[in-house]
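Q: Structure incoming, see below.
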Amino acid sequence: MRVLVVEDEEQLADAVARGLRLHAIAVDVAYDGREALELTAYVDYDVVVLDRDLPDVHGDEVCRELAAASGASRILMLTAAGRVRDRVGGLALGADDYLVKPFAFAELVARVRALARRSPRAAPPVLERAGIRLDPARRTVTRDGRQVALGRREFDVLRELMRAGGGLVSSARLRASVWDEHAGAGTGVLRVTLTSLRRKLGDPPVIENVPGRGYRL
């Protein structure tokens with residue numbers, strides 16, 4: 001499971017992230033609405049824990065955009081406003097659940113897990129390019145009909161390259177999309193993953209490195 005915590009109170013955001021990681025949940029953190037939208041543009045989060053009162057881009061606008069995108073992410077909205085009309089308003093924006101501050105951390109974990117268990121809103125499409133067929137839902141890959149067994153990171157890197165439809169994908173974007181930002185991933189880690197991915201996909205090579213610009217399929 002991968003979760004994005006969006007909270008402008010940095011100490012609270014970091015504490016929530018640390019607590020979720022103790023429950024074996026991969027967590028990224030955004031401290032404002034703009035950063036949250038940038039991350040969700042590249043990463044498919046299972047759950048977005050979203051503070052409603054955010055600077056820069058308000059939490060309501062973030063919620064609207066995520067809901068309109070029809071992605072698989074479930075939204076758990078956090079707010080200090082606990083009136084019924086506030087909760088109804090948050091759900092009307094597209095949130096899947098609502099939790100009032102202050103909250104018990106055990107309840108937050110339970111709600112995150114419950115949201116992650118829900119059926120996705122839309123099955124991601126199967127991606128096909130250069131003889132490669134990638135099924136995001138089943139996490140399977142074939143090349144010219146041959147099954148290709150990939151590790152988690154290799155699969156996610158390939159998925160990002162295929163989503164680009166032959167366009168360039170920068171190293172920074174690949175790292176942000178594939179690795180939990182807490183764990184981090186340097187350029188060396190990405191290169192090792194790409195080397196292994198190329199070897200498993202076999203000949204002829206299909207992943208091109210454009211020096212200084214990124215990679216493309």
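The values are calculated or read from the model by the stated rules, or taken from the named source; none is laboratory data. Not measured: the values here are computed from a predicted model. Cβ sites come from the backbone with ideal geometry, for glycine too, and all protein chains shown count toward neighbours. Calculation scope for accessible area: heavy atoms of the full protein, side chains included, ligands and nucleic acids excluded. Shrake-Rupley method; radii C 1.70, N 1.55, O 1.52, S 1.80 Å.
Q: Please verify whether the range 27-44 includes one or more residues that are farther than 30 Å from L158 by Cβ, at pLDDT 85 or above and surrounded by fewer than 20 Cβ atoms within 10 Å (Cβ to Cβ). It would help to see each step written out before you state the result.
A: Initial filter on the range 27-44 (farther than 30 Å from L158 by Cβ): 31-33.
Right, trim to at pLDDT 85 or above and you get 31-33.
Subset that is surrounded by fewer than 20 Cβ atoms within 10 Å (Cβ to Cβ): 31-32.
Yes, that holds for at least one residue.
Q: Quick check on the range 140-151. Is at least one of its residues open to solvent by 60 Å² or more (accessible area, probe 1.4 Å), under 21 Å from I25 (Cα atoms) and outside any helix (DSSP H, G or I)? Give the steps one after another, and end with the answer.
A: Looking only at the range 140-151, we keep the residues that are open to solvent by 60 Å² or more (accessible area, probe 1.4 Å), and these are 144-147, 149.
Checking which are under 21 Å from I25 (Cα atoms) leaves us with none.
Looking through the range 140-151, none of the residues is open to solvent by 60 Å² or more (accessible area, probe 1.4 Å), under 21 Å from I25 (Cα atoms) and outside any helix (DSSP H, G or I).
Q: If we keep just the residues of the range 84-108 that are modelled with pLDDT of 80 or more and assigned to a helix (DSSP H, G or I), which is least open to solvent (accessible area, probe 1.4 Å)?
A: Narrowing the range 84-108 to residues modelled with pLDDT of 80 or more: 94-108.
Imposing the further condition that a residue be assigned to a helix (DSSP H, G or I) reduces the set to 105-108.
Values: F105: 67, A106: 77, E107: 74, L108: 0 Å².
Taking the candidates together, the pick is L108.
Q: Is there a residue being at pLDDT 90 or above and open to solvent by 70 Å² or more (accessible area, probe 1.4 Å) anywhere in the range 174-190?
A: So the first thing to find is which residues in the range 174-190 are at pLDDT 90 or above, and the list is none.
Within the range 174-190 (the criterion being at pLDDT 90 or above and open to solvent by 70 Å² or more (accessible area, probe 1.4 Å)), the answer is no, since none of the residues qualifies.
Q: Tell me yes or no: at least one residue of the range 6-15 is crowded, with 16+ Cβ neighbours inside 10 Å and at pLDDT below 90.
A: No.
Q: Would you mention how many residues in the range 193-217 are over 16 Å from S170 (Cα atoms) and of a type in the set (A, V, I, L, M)?
A: Number satisfying all stated conditions: 3.
Q: Just the residues that are in a loop (DSSP other than H, G, I, E, B) and either among the basic types (K, R) or at pLDDT 90 or above (or both), please, taken from the range 109-139.
A: Going residue by residue through the range 109-139, those that are in a loop (DSSP other than H, G, I, E, B) are 118-126, 130-131, 136-139.
Within the range 109-139, R118, R121, G131, R138, R139 qualify.
Q: In the range 128-170, what count of residues is obtained for those that are under 22 Å from M1 (Cβ atoms), touching a helix residue (DSSP H, G or I) at 6+ places or on another chain (Cβ under 8 Å) and of a type outside the set (G, A, S)? Quick ask: steps written out before the conclusion?
A: In the first step, residues of the range 128-170 are kept if they are under 22 Å from M1 (Cβ atoms); the result is 134-141, 150-160, 163.
Of the ones still in play, those that are also touching a helix residue (DSSP H, G or I) at 6+ places or on another chain (Cβ under 8 Å) are 134, 136, 139, 141, 150-151, 153-154, 156-158, 160.
When the remaining residues are screened for being of a type outside the set (G, A, S), the result is 134, 136, 139, 141, 150, 153-154, 156-158, 160.
Qualifying residue count, the range 128-170: 11.
Q: Moving on. Could you check how many residues of the range 137-152 are within 21 Å of the chain's Cα centre (by Cα) and free of Cβ contacts under 8 Å to residues at least 40 places away in the same chain? Let's see the steps before the verdict.
A: Initial filter on the range 137-152 (within 21 Å of the chain's Cα centre (by Cα)): 137-141, 150-152.
Checking the rest, the ones that are also free of Cβ contacts under 8 Å to residues at least 40 places away in the same chain come to 137-141, 152.
Residues meeting the conditions: 6.
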